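The values are calculated or read from the model by the stated rules, or taken from the named source; none is laboratory data. Predicted model, so just to flag it, every value in this text is computed and none were measured. Neighbour counts are summed over all protein chains in view; Cβ atoms, including those assigned to glycine, are modelled from backbone coordinates with ideal geometry.
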Amino acid sequence: MGTSIVVTSGKGGVGKTTTTANIGTALAMLGKKVVVVDADTGLRNLDLHLGLENRIVYNLVDVVEGTCKLKQALIKDKRLDNLFLLPTAQTKDKTAVTPEQMQELVENLKNEFDYVIIDCPAGIEHGFENAVAGADRAIVVTTPEVSAVRDADRIIGKLEAKGLEDHQLIINRIKFEMTKKGEMLNIDDMTDILAIKLLGIVPDDEKIVISTNRGEPAVTDPASKAGQAYKNIARRLLGEEVPFMELENEESGFFSIFKKLFRR
Amino acid sequence: MDLFKLFSKEPPSKDVAKERLKLILIHDRANVSPTFLEMLKSDIIRVISDYAEIDERGLEIKLTKAGEEGMVTPALIANIPIRKMKDSAK
C-alpha cells in the first residue's frame, strides 16, 4: 500500500505544479514507483511540466466516469519507467469529479504505486476538496511573500479541520541575497509565523524557466540548484535526514563577524 | 548603501512583513467578523453596567495574541474605564 501526498498552497503561482513534477520525478529516480496526479481539472498543466502533453488520450475524468480503465489513462514518463502521469480533463470543470470519487481513485492508485503525488489547484473550493480527499499527507508550498504566507496559513487551517495533520512546508523561490539584507522574509520568520514543520527550501532559480520550457523537471539537471533542493526534499519524504541547504554566498570569517555586529 | 542603513531608523522590510502577517493571521485564524467585536462590546457594556458606571466611549476591545513564541493563540483584550462602582455592587 502506497502513500498519497497532496501538494497544495492556496495561492496560485507559487510553484505547486513545479513541485509536484520535481518531487514525483525525484522519488522515481530514487527507485520508487510513482504516479503524479493532476487534480486541476480545466486548467491542467502537470503534463507540460513533464513534457507529456502530446501523449494524453484518456484522463482522470474519463476514469471516474467509466469511459476507460485506470491503466489506460496512465501515461508513462519519457525518461523513467517507474514514473507515471494521470492527467486530468481540460474541457471539463472541477465539478466533474466528487471528493468521494477522488478518494476511491487514489485508493486504487495506492495499490499500484509507492507514491501518489496529487497536484492541487489554487483556491479553497471544489478543486481543493477533491485534491485533498484521498491524501494521507500534505505538502504546503509557499513563497516568501505576505500574500502567499497568509494563504498557506489558511490552507493549513483547512487541512487540520479535515483531520489531515501530517503536513509539511516547502518554502519556494527564496532569494538568499535578499533575506541576508532583511529585504525578504527568511526561513525562521516563516516557520515562526506558520508553526508547521519545514520539509524543504527551494532557492529562486532562473533555470526552472528553462526546465519548464523544455518539459524536463529540474531534478533531471544535475547542475540545477532548485533541482538539488527537490532531490533533498524527496529523500526527506523517504524518512532520510538531509540537512537544509546552506545559505548561498554566506559570508564567513573575521570580516563578517564585524559586519554582523554592526548590523544589530 | 549599507552605511545609510546603519543610521536609518527604518526597520528592514521583512520585519514589517512579519509583523503585518502576525496580526492579520490572528484575525484570519479566529475567523472574526467586524460585527462580532461590536456585538461583544455592546453585550459587555450591558453586563458591566449593572455593577459599575463605565465610560462607554473609552471602552476598547481588541483581538491580539497571547502565549509563547510559536504557540500563539488569539486573546481578547478589553480596556474598560470605570467611572464609579454602583452601590448594588458593594
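Given the condition over 19 Å from A:E125 (Cβ atoms) and small (G, A, S), answer yes or no: does some residue in the stretch A:36-49 qualify? Checked against the condition, which is being over 19 Å from A:E125 (Cβ atoms) and small (G, A, S), the stretch A:36-49 yields no hits at all.
Applying the condition of being surrounded by fewer than 18 Cβ atoms within 10 Å (Cβ to Cβ) and under 20 Å from A:N232 (Cβ atoms) to the stretch A:164-175 and asking which residue is farthest from the other protein chains (Cβ to nearest Cβ) yields A:D166. Restricting B:K9, B:K41, B:K84 to residues that are assigned to a loop (DSSP other than H, G, I, E, B), more than 11 Å from chain A (Cβ to nearest Cβ) and either loosely packed, with under 12 Cβ neighbours inside 10 Å or at pLDDT 75 or above (or both) narrows the list to B:K9. Of the residues in the stretch A:179-196, at least one is of a type in the set (V, I, T), buried (at least 16 other Cβ atoms within 10 Å of the Cβ) and in a loop (DSSP other than H, G, I, E, B).
Residues that are among the small types (G, A, S) and either more than 8 Å from every other protein chain (Cβ to nearest Cβ) or in a loop (DSSP other than H, G, I, E, B) (or both) within the stretch A:142-157 comprise A:S147, A:A148, A:A152, listed in sequence order. If you filter the stretch B:12-38 down to residues that are modelled with pLDDT under 85 and assigned to a loop (DSSP other than H, G, I, E, B), you find that the one that is nearest to the other protein chains (Cβ to nearest Cβ) is B:N31.
Quick one: in the stretch A:181-206, of everything that is without any contact (Cβ under 8 Å) to a residue 12 or more places away in the chain and more than 7 Å from chain B (Cβ to nearest Cβ), which residue is farthest from the chain's Cα centre (by Cα)? Applying the filter and picking the extreme gives A:K181. On inspection, A:T95 passes the criterion of being more than 26 Å from A:R173 (Cα to Cα) and not in a loop (DSSP other than H, G, I, E, B).
Per-residue answers, yes or no, for (1) assigned to a loop (DSSP other than H, G, I, E, B); (2) under 26 Å from A:L164 (Cα atoms):
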| position | (1), (2) |
| --- | --- |
| A:M1 | yes, yes |
| A:S4 | no, yes |
| A:G24 | no, yes |
| A:D40 | yes, yes |
| A:T67 | yes, no |
| A:L85 | no, yes |
| A:T91 | yes, no |
| A:E104 | no, yes |
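Just wondering, is there one or more residues in the stretch B:35-42 that are under 18 Å from A:A148 (Cα atoms), aliphatic (A, V, I, L, M) and within 14 Å of the chain's Cα centre (by Cα)? No: zero hits. For the stretch A:210-224, residues that are part of a loop (DSSP other than H, G, I, E, B) and under 10 Å from A:G51 (Cβ atoms) total 3.
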